[in-house]
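Rule-based calculations on the coordinates, nothing more; no lab input. The shown structure was predicted, so the numbers you read here are calculated from the model rather than taken from an experiment. A quick note on method: Cβ atoms are made from the backbone with ideal geometry, for glycine too, and the neighbour counts reach across all protein chains shown.
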């Protein structure tokens, strides 16, 4: 089964990327992989403190994931899978794309503030020729109605 992969983070545009991936998966019979990356700078402390912070980060991600997963299951019949990786976002996104050959589309949300679409969107769109799958960039300010009409 082909899968759409979307990155779960704390950005507003993440919501539109989740919606798009879910609706496309529901309409095409595909799956959804939700990737969350824990940055390494969160753990530059003593070993015991780092382990505790890592566990707390994972719990926070799992709780956030469950909100999206419930909506996906209940409203659209999509059962997402969660992947948590630790490292730099770009590196881990690329690694997950390499590790899971069933991922057919990477879905990213584009930021709407003056600083640009976001570092992940900027980097991956500049280097898209070497990616193992297409990238869909969903505008962060696209309305829910418009998003539903195009999926």
Which angle between 0 and 90 degrees, to the nearest 10, do you get for helix 47-76 versus the longest principal axis of the chain when only C-alpha atoms count? 10 degrees
Part-to-part distance (alpha-carbon centres) for the stretch 48-122 and the stretch 4-21, which is given in Å: 8 Å
Using a Förster distance of 35 Å, the FRET efficiency for residue 136-residue 59 (Cβ separation, nearest 0.05): 0.75
Work out, in µm²/s and without decimals, the Stokes-Einstein translational diffusion coefficient of the chain at 20 °C, 1.002 mPa s, Rh from Kirkwood over C-alpha pairs. 135 µm²/s
Quick calc: nm separation of the 7 Å Cα→Cβ label points for residue 27 and residue 115 -> 3.2 nm
With axes computed from alpha carbons, what is the tilt in degrees of helix 13-28 against the longest principal axis of the chain, rounded to the nearest 10 within 0 to 90? 50 degrees
Cβ-Cβ FRET estimate between residue 126 and residue 146, R0 fixed at 25 Å, reported to 0.05: 0.40
Can you give me the angle between helix 89-99 and the longest principal axis of the chain, using Cα atoms only, in degrees from 0 to 90, rounded to the nearest 10? 70 degrees
Please tell me the relative contact order of the chain in percent, rounded to the nearest whole number, where contacts are Cα pairs under 8 Å and at least six residues apart. 34 percent
